[in-house]
Structure formats: C-alpha cells, structure tokens
Amino acid sequence: MASNLLVERLGAVAVLRFGAAPVNSLGADTRRALTEGVNAAVADSAVAAIVIAGQNGLFSAGADIKEFNTPAMFAAPTLHNVITAIENSPKPVVAAIEGTCLGGGLEVALGCHYRVALESAKLGLPEVKIGLLPGAGGTQRLPRLIGVENAINVILGGEPVPAKLFKGSPLLDAVVSDDLLGAAVKLATDKAAEVASGKPLPLARNGRVRDSNVEAILGFARTMVKAQYPNYPAPAKCLDAIEAAATQPFETGLATERRLFGELLISPESRALRHAFFAERAAAKIDDVPDSTPLRAVQSAAVIGAGTMGTGIAINFLNANIPVFLLEVGQDALDKGVARIQDTYAGQVKKGRLKPEDAQAKAALLTPTLSYEAIAGADIVIEAVFEDMAIKEKVFTTLDATMKPGAILATNTSTLDINTIAGVTKRPGDVIGTHFFSPANVMRLLEVVRGSATSKDVLATTMKLAKALKKTAVVSGVCDGFIGNRMIEQYSRQAFFMVDEGASPEEIDAAVEAFGFAMGPFRMSDLAGNDIGWHIRKRRYVEHPEITYSKLADRLCELGRFGQKTGAGWYDYKPGDRQAYSAPVVDELIRSYRATLPIKPRKIDATEIVDRLVYALVNEGAKILEEGIASRASDIDIVYLTGYGFPVWRGGPMCYADEVGLYAVMQRMEQLARNPYGDPGFWTPAPLIRKLALASGSFTSAGARS
Ligand code: T1G
C-alpha cells in the first residue's frame, strides 16, 4: 500500500516520502500532501533540511495519466505549484531517487536543489510516448542542467536512462550503490551547514544553456523529427520548448512550454497514444479471472511442428530462457527447423544484436525430438502443425495420451474451433489457443483463445507466460478467425471488391499506407502468403456459400503467385529485395477478370478506400464485441496496434471510430451500403454502433479508460 505522504525525522532532516499505489503517480491528493509536507518542514524551526523520496522502491512514474482530461489534472496544487514550493524553500531540498523516476516525477526532482540516485535507478521523460511533452518545467530545467543536445536525447527518446550514465553530471549530485537515504540525509545536512554560512542554494531554473551551437543542434533534430515522425506532433513541439529554454528567460520559456503542452493535450494523437497505453494494460486483465487465481508452473515447453511458426514459437521460449522441445514427425523437417533457429541466432550475432555466448546458451535450451514420449514432462505444449482440423485432432489425441497430468495443451490455430480440438481430449480444461502472429518470434501480439472448457488457472497461467515471452496477450473467445483474422477477412473482402470495381492494388495500398498502416492489404497479403487466404476462402466457399467474394485473388493463386515466398504475388519481387514492383501480369489478370463482371470500372478515391477498409474493421469489431468474443473495445484496438500495423497515433480501429464519431461512422456505413458491389448487407451498421451512435456514446466510454 502507499499513503500520499509519510514523514520521518532523521536528526534535523525531514524525510518526506510521497506515494500513491501502484507507481507513486502525482495525482491531486499526492501533490497536495507533498506540498503541505514541504511547507510544514520549511515552517518547522527544528528542521534544517528536507529529503524528498518515493515509496515502495520507486520514486514516481510521473503525473497521474488517469487524471488527464479531468478537472483533477489542473487542481491546485499543480505540479508547478509543488515545484515552486520546493524551489522557494530556504532550506536545502534533496531528491532521493530509486527505481523509476519518470515524467513529472523527474520534474519534481529537477525542482529540488540537489539530487542523489541509486545507480540502479532509471530517470526519464517519457511524455513524448503518449503524445505530450514534459509539462512541469522539464523542457526548461533539463537543458539548463545537461545541455540542449543531451536534453533532446532524453526528451525525444522518452526512454528511461540508467542513473549511472548521469554520474558526474549536474543532473545528479551523487550516484550511490546503496544506502540511498543515508547519502541523501548526509548531503542535506552538509548543505544546510553551507546555507547557514551564507551560501545560496542552487536552482536549475537559474542556470543557463551553455551549448554553443544550439541552432545547428536544433536544426538537425528538426530535420530528423520531420522525417521520422511525420504523424506525431509531439516531437516537434518538444524541440520548440527546448529552444525556448535556450533563447527565452525562464518564466517566458515556462509559459511557452505550458502553451505547447496544452496544444498537445487536446491533440487526437495524444488521446490515441494515452488510450493505447491503458488499453495494453487493460488487455492483461480478465474480468472473471481474479489476479489471485493460482498459476501452474511453466518451467519447460514443447512445440509440435518445426515449420516457420513452430520454430518462431520455440525461439520465444529460448529467448525467455525456458527449455523447449521441438518435435517433428520426420528427421529432415526437424533438421530444417533446428537450422532455421540456428540461422536466426547466427543472424543476430552477425548484426551485433546478440553475443555469441548468449546465442549458444539459448540454443542449448533446445531439444529436437521425434518422440512424443520425450516431451511428456513438459509443462506446456504448443501445437503448430498444418491448419487442418483432422491433423490437429490427431495431434491432440496423441498429446492427451502422452502429456503429464496438468500440462497445458495449446494450439496455434489461426482460425479453427478450439472447442472441437479440446473435444478429442479427456482434459478440455487444459486446452487453450495461443495464436502467435508470423514471424512468431518478432510480432508482439498473442491471441489467447479461451475455449468454453478452458479452466481459469490455465488461462491465467497462459497470460502470465505471455508476459514472460514479451508478448502482448489479448483474450479472444472462439469464433472463425478469433478477433484479428475475423476482422481482416472483411477488410480484405472490401479490398478485393474495390479492385473489381476499378481501383488498383497500388492505389489501395497507397491510400491506407498514407492513412498510417504499416502495409496495405496487397503488400501484406504478399508478405503473409496469398495461399493462406486462398486456403481459408476454399473452406468458406463450402461452409458459408452465402458469403460473396471476389474471385480475383483465387485467379492470382491459380497462377502460383503466392507472394514474396514465390517471388511474385500481387506484385513482382527481386531476390534479396523486399521492394514490391508493379506486375504487368497482374494488371492483365485484373483487366481480364473485370471483363467477366457486370461492373463498369470507376475511379475510387482514397477517402472511399480508407473508409471501406477501416470501417469494415470497425463494423466487424462491433459484432465481435456484441458476441463477447472480445471483452472490451480497447482489446480489439490492441490486436490491431500490435498485430496488424494499424497506426498507433490513431489508437486502433475502435478508438479511431470514436474520434470520428459513431454517428458519422454509422451514416458513412449506410452510404457504403448503397454500393451494390461492396456486399451491401455487410454495411448494415452493427446494432452496437447504432445504439451508441444514437446515444452519442463511444466504444471507449463503454469500457476501457481513454
Ligand atoms: N499514471 C497513472 N497510472 C500509471 C502511470 C501514470 N503515470 N504509470 C503507470 N500507471 C499504472 C498502469 O496503468 C498500471 O495500472 C500500473 O500503474 C502498473 O503499470 C507533467 C504530463 C512506471 C515503467 O508516461 O512507463 O508526467 O493496470 O503495468 O510494467 O510532464 O507504468 O495496474 O491498473 O506499466 O512495472 C509520464 C508511464 C506521465 C510513465 C511501470 N509518465 N508508466 O511499468 O507496470 S505524464 C509515464 C510506465 C507526465 C508531466 C507529464 C510504466 C512504469 P493497472 P505497468 P510496469
């Protein structure tokens, strides 16, 4: 637990420990308690000096982001008031920094006269990562302490910096390996004696920026920001604020910072980035599975299938230092899988991203095998064989007969019904879906598919394992395609329809890439493999003959143009070159296919392209929410932000729809439904959209924090 302020007296030094569970964020109550604590210590004649510290092993995660866009955020005393109270103290105030000291927390420390840190502490100004800038004087005080260039690195990088890297810099007066409090109290006592002898207290605000070539530094930084962050307004404004530190008196610079902060606070980009911050954390929570749910141990794993997915999954365990068996049915396939893993590590060693000895240590945790008996003792086994139900059922029948009691039986299926798979075992409670995204050792997203029988401890264990594998896990219910692929199916259908109607793959890819997607649908399909979609459509044609599809993608696959892996797909590729080149063969294929359709080709503008693709995601996402496949809209956003290249500064498809306004989205869908060639039935707005739109509601207000 943390209380807003704990006060301790050590000799003539008052130690003020501010706090707020879980990360000592500086919400209104904490700001008030700290300010009152400082004022009381200043007024107490028995106190000669003050130490300010956090609680529970950390200093502070900064301002309370949960307060943003609420009256509490600007409730007095603001962070500026807290810092002013500290700077006005006639007694030395020393910040004792341990753990994380971020954002407004570091800005409070910058307001102190002195700062002492444990060498294990990490300091940073991550505001830019949520679309903001340090808004409590950080852009003005930090450059005065460490110079413009270093301040730019800290503020634009947004990353926590180990305290030891600031050793000897004006930012930290001491960096100690232990006894932080002792060091802080000693420094405070020594400085009190100096004050008593008439020496003035140092204030960061009174310093001057000493860099000689500020203009050049800022010019270079601005060029880099323009190129690297075309869609993010915060980095450029960070530079404007830092420039004010170098060119304006402190108070004027502070006013400039405040103005720029206010502009960013109301920007859609910052709202989206803050939404994404909380959405990622909310996704880890399962409403009916409490944190106290007992977990099963996972100290060893097994992967069935040494193909691209299986080896990628195995690498995740190796990277988490979890021993893993890799099982195949044939020696040749197994050897190929092992070689793929070894090549992956060799590549990382070659690029200097991994030490040779670390690569060896990881590879030593891998046990290739052809025998199910060899893996019987593993705590979790993940099946990653061909996407065919009969094959998966056979594997799970064997696993059920082989694996030790209590082992978690997971399937990496990307669309098949895990209830059916669980049904062939005697332990359906131990069966769960772990849908990794290719390349499995790179993509952060992991869809954890909860079967109707999956037990709560298996679910909780798998979510915890996901964190150990450095994955962002999102729980999905069972449906065809779960969350991500079910939505991308509608997205792809609209993309192919638009080619039938007159748009080119290049135009469609260009439009959504300008919207911010990392990759348009055709380049993405070429990367993933056009045959994967082909295989799924062939199943759909049998299972759901009522769903209409363009047949163009099938024609492409019939030519063997599966994408990058065959050197040709919607685009042509050259060996060793990932650049997509327009393909005359495809142009001809499109022309001849269109000739078979009753559609008069037309020009489709970028707005319609983006609306049809993004709102296809939104409409299907709303249905997924209504069916309880996803438990919150922000989970759907996280799936798209971490697995499908949706632009983070737009917060995800559901957040974007909220930003547009659901009433406008609903009206646009009704407009799109008038097009007879884009599956008009699909464009009936999901009932949830209509309900929220008519109530002026939003997806995010219906669930996660924004
Ligand atoms: N405000 C409110 N809640 C926060 C928070 C914050 N700053 N930081 C974390 N939390 C919550 C988080 O939502 C989760 O809640 C719990 O704490 C644990 O977080 C004026 C304007 C500190 C490195 O951007 O980087 O200061 O889900 O799961 O992995 O210039 O949290 O349990 O309910 O991430 O151990 C700037 C953001 C604020 C830091 C800890 N500061 N936080 O990581 O735990 S703006 C940040 C982090 C600002 C001033 C400006 C990380 C962490 P719940 P967690 P973790």
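The values are calculated or read from the model by the stated rules, or taken from the named source; none is laboratory data. In this text, all values refer to a predicted model and were calculated from it rather than measured experimentally. Positions of Cβ are backbone-derived with ideal geometry, glycine not excepted, and every protein chain shown enters the neighbour counts. Ligands, DNA and RNA are stripped out before the accessible areas are found, and what is left, the full protein with its side chains, is counted by its heavy atoms. Shrake-Rupley method; radii C 1.70, N 1.55, O 1.52, S 1.80 Å.
How much area per residue is accessible in the chain when the probe is 1.4 Å and only protein heavy atoms are counted (Å²)?
So the chain comes to 41 Å² accessible per residue, rounded to a whole number.
Pull up all non-local amide H partners of Val475: gap of 5 or more, or a different chain, and H-to-H distance under 5 Å with H placed in the peptide plane.
For Val475, the qualifying residues are Val448.
Suppose a student asked you for the relative contact order of segment 301-476, using Cα pairs under 8 Å spaced at least 6 residues apart; what percent would you report? Don't skip to the end; give the middle numbers.
Numbers: 325 pairs, mean separation 36.0, N = 176.
Here the relative contact order equals 20 percent.
Can you list the residues, at least 5 places off or on another chain, whose amide H is less than 5 Å from the amide H of Val51, using H built in the peptide plane?
For Val51, whose amide H was placed from the backbone, the distant partners under 5 Å are Ala14, Val15, Leu16, Val94.
Do the sum for the chain: with -39,500 (n - 2.57) for every DSSP H run of n ≥ 4, divided by all residues, what is the mean residue ellipticity at 222 nm, to the nearest 500 deg cm²/dmol?
Per the formula, -14500 deg cm²/dmol.
For the chain, what is the relative contact order in percent, using Cα pairs closer than 8 Å and at least 6 residues apart in sequence?
Rounded, it is 9 percent for the chain.
Measure nothing fancy, just the Cα-based angle from helix 148-157's long axis to the longest principal axis of the chain, in degrees from 0 to 90, nearest 10.
That works out to roughly 40 degrees.
Spelling out what I want: for every residue of segment 72-86, take phi, set θ = phi - 60°, compute 6.51 cos²θ - 1.76 cosθ + 1.60 (Karplus), and round to whole Hz; glycine and proline get x.
4, 4, 9, 5, 5, x, 6, 4, 4, 5, 4, 5, 5, 4, 5
Using a 1.4 angstrom probe on heavy atoms only, work out the carbon and sulfur share of the accessible area of segment 484-694 in %.
The value for segment 484-694 is 57 percent carbon and sulfur by accessible area.
Heavy atoms only, probe 1.4 Å: what % of the accessible area of segment 227-380 goes to carbon and sulfur, would you let me know?
Numbers: 4010 of 7250 Å².
Whole-percent figure for carbon plus sulfur exposure: 55.
Return one number: the angle in degrees, 0 to 90 and rounded to the nearest 10, between the long axis of the Cα atoms of helix 28-43 and the longest principal axis of the Cα atoms of the chain.
20
Is segment 5-265 rounded, prolate or oblate when judged by the Cα gyration tensor, a ≥ b ≥ c being the square roots of its eigenvalues, rounded requiring a/c under 1.5 and prolate requiring a/b larger than b/c?
It is prolate, given that a/c is not under 1.5 and a/b is the larger ratio.
Please identify the GluC sites (Glu not before Pro) of segment 610-649 that satisfy two criteria: DSSP loop assignment and at most 16 other Cβ atoms within 10 Å. Which are they?
The qualifying sites are Glu627.
How much length, in nm to one decimal, is gained on full extension between Gln248 and Ala333, taken as 0.36 nm per residue of separation minus their Cα-Cα distance?
Extra length from Gln248 to Ala333 when fully extended: 23.9 nm.
For segment 257-330 and segment 439-500, compute the distance between their C-alpha centroids and round to whole Å.
11
Taking 22 Å as the cut-off for C-alpha to C-alpha distance, list the pairs among Lys404/Lys456; Lys426/Lys456; Lys394/Lys467; Lys362/Lys467; Lys164/Lys186; Lys285/Lys464 that go past it.
Beyond 22 Å: Lys394/Lys467.
All other residues with a Cβ under 11 Å from the Cβ of Leu254 taken together, and with Lys, Arg as +1 and Asp, Glu as -1, what is their net charge?
Working: positive: Arg141, Arg205, Arg258, Arg259; negative: Glu251, Glu257.
Spelling it out: positives minus negatives among the neighbours equals +2.
Near Val478, within a Cβ-to-Cβ distance under 12 Å, what is the net charge of the other residues, with Lys and Arg +1 and Asp and Glu -1?
-2
When the solvent-accessible surface of protein heavy atoms is calculated with a 1.4 angstrom probe, in what order do Ser371, Ser197, Ser45, Ser60 fall, highest first?
Solvent-accessible surface, decreasing: Ser45, Ser197, Ser371, Ser60.
So, with a 1.4 angstrom probe, what is the percent of accessible area on segment 1-148 that is carbon and sulfur? Please list the in-between numbers first.
On the way: 2630 of 4550 Å².
Heavy-atom surface of segment 1-148 belonging to carbon and sulfur, 1.4 Å probe: 58 percent.
With the cut-off at 1.5 for a/c, could you classify segment 483-606 from its C-alpha gyration tensor as rounded, prolate or oblate?
Details: a/c = 1.25, a/b = 1.14, b/c = 1.10.
Rounded, since a/c falls under 1.5.
Over what distance in Å are the Cα centres of segment 651-702 and segment 159-228 separated?
Their Cα centres are 51 Å away from one another.
Pairing the Cα long axis of helix 505-515 with the longest principal axis of the chain, what angle in degrees results, from 0 to 90 and rounded to the nearest 10?
The answer is roughly 20 degrees.
Keeping all protein chains in the complex and leaving out DNA, RNA and ligands, what accessible area do you get for Leu5 with a 1.4 Å probe, in Å² to the nearest 10?
40
Antiparallel DSSP bridges in the chain: what percent, to the nearest 5?
Expressed as a percentage, antiparallel bridges in the chain total about 30.
I'd like the Karplus ³J(HN,Hα) series for segment 518-531: coefficients 6.51, -1.76, 1.60, θ = phi - 60°, whole numbers in Hz, and an x wherever there's a Gly or Pro.
For segment 518-531, the Karplus curve yields 4, 8, x, x, 7, 5, 5, 5, 5, 6, 6, x, 5, 5 Hz.
Treat the chain as a sphere of radius equal to its Kirkwood radius over Cα pairs and apply Stokes-Einstein at 20 °C in a medium of 1.002 mPa s; give the translational diffusion coefficient in µm²/s, rounded to a whole number.
Taking Rh from Cα pairs, D becomes 76 µm²/s.
Could you go through segment 216-225 in sequence order and give the Karplus-derived ³J(HN,Hα) for each residue, using 6.51 cos²θ - 1.76 cosθ + 1.60 with θ = phi - 60°, rounded to whole Hz, and x for Gly and Pro?
With coefficients 6.51, -1.76 and 1.60, one gets 5, 4, 5, x, 5, 5, 5, 5, 5, 5 Hz.
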